[in-house]
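Visitor: Here's a structure for you.
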Amino acid sequence: MKRPDIEHEGIITGISESHIFVRIIQHSACAGCHAASLCTTTDQKEKIIEVEKCDFPIQIGDKVSVALSASAGYRAIWFTAALPVILIMLSLVINERIGMNELYSGLCTMSY
């Protein structure tokens with residue numbers, strides 16, 4: 001079964017020789033709630049993302065749809081969250097095994 005893509009609607013804000021800059025508005029999970037207008041936790045963030053330029057004729061202000069495969073999203077989570085935690089824990093264990101003081105081991109580990 002194929003995993004769904006992550007897709008966002010956006011507006012082109014800039015064009016360079018090799019890339020397109022797209023402004024997307026990312027809504028929180030509760031944005032679709034019927035009580036969202038009354039709730040103070042409703043959150044949305046505006047982001048500018050950079051996409052490789054395609055062969056289609058485009059102009060600044062055009063509405064576009066930007067998609068990312070789910071596997072690329074999982075890979076991004078792996079490199080930004082899981083791998084650093086594993087490296088920090090490994091560093092802590094190695095520093096403890098070589099007999100480093102706990103305080104220095106912790107400080108050394110956190111400096112990564």
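Visitor: Count, please, the residues in region 16-25 that happen to be at pLDDT below 90 and surrounded by 13 or more Cβ atoms within 10 Å (Cβ to Cβ).
Guide: So the answer is 2.
Visitor: Name every residue in region 69-88 that is hydrophobic (A, V, I, L, M, F, W, C) and farther than 12 Å from residue 6 by Cβ, in order of residue number. So that I can check it myself, show each step before the final result.
Guide: Within region 69-88, the subset hydrophobic (A, V, I, L, M, F, W, C) is 70, 72, 76-79, 81-83, 85-88.
78, 79, 81, 82, 83, 85, 86, 87, 88 - these are the residues of region 69-88 that are hydrophobic (A, V, I, L, M, F, W, C) and farther than 12 Å from residue 6 by Cβ.
Visitor: Please name all residue pairs, on different chains or six or more residues apart, with Cβ atoms under 8 Å, provided the first residue is in region 47-65 and is under 10 Å from residue 11 (Cβ atoms) and open to solvent by less than 100 Å² (accessible area, probe 1.4 Å) and the second residue is in a strand (DSSP E or B) and of a type in the set (Asp, Glu).
Guide: Cβ pairs passing all conditions: 64/9.
Visitor: For residues in region 26-62 being among the polar types (S, T, N, Q) and at pLDDT 70 or above, which is nearest to the chain's Cα centre (by Cα)? Give the steps one after another, and end with the answer.
Guide: Initial filter on region 26-62 (among the polar types (S, T, N, Q)): 26, 28, 37, 40-42, 44, 59.
Filter once more, so that each one left must be at pLDDT 70 or above: 26, 59.
Details: 26: 11, 59: 26 Å.
In this case the residue turns out to be 26.
Visitor: If I ask for residues that are open to solvent by 70 Å² or more (accessible area, probe 1.4 Å), in a helix (DSSP H, G or I) and not basic (Lys, Arg), which ones from region 90-105 would you list?
Guide: Just the residues of region 90-105 that are open to solvent by 70 Å² or more (accessible area, probe 1.4 Å), to begin with: 90, 93-94, 96-98, 101-104.
Those still in the list that are in a helix (DSSP H, G or I) too: 90, 93-94, 96-97, 102-104.
Scanning region 90-105 gives 90, 93, 94, 96, 102, 103, 104.
The values are calculated or read from the model by the stated rules, or taken from the named source; none is laboratory data. Note that the coordinates shown come from a computational prediction; the quantities given were computed from them, not determined experimentally. Note that each Cβ is placed from the backbone with ideal geometry, even for glycine, and that neighbours are counted across all protein chains shown. The accessibility values were calculated without ligands, DNA or RNA, using every heavy atom of the protein model including side chains. Shrake-Rupley method; radii C 1.70, N 1.55, O 1.52, S 1.80 Å.
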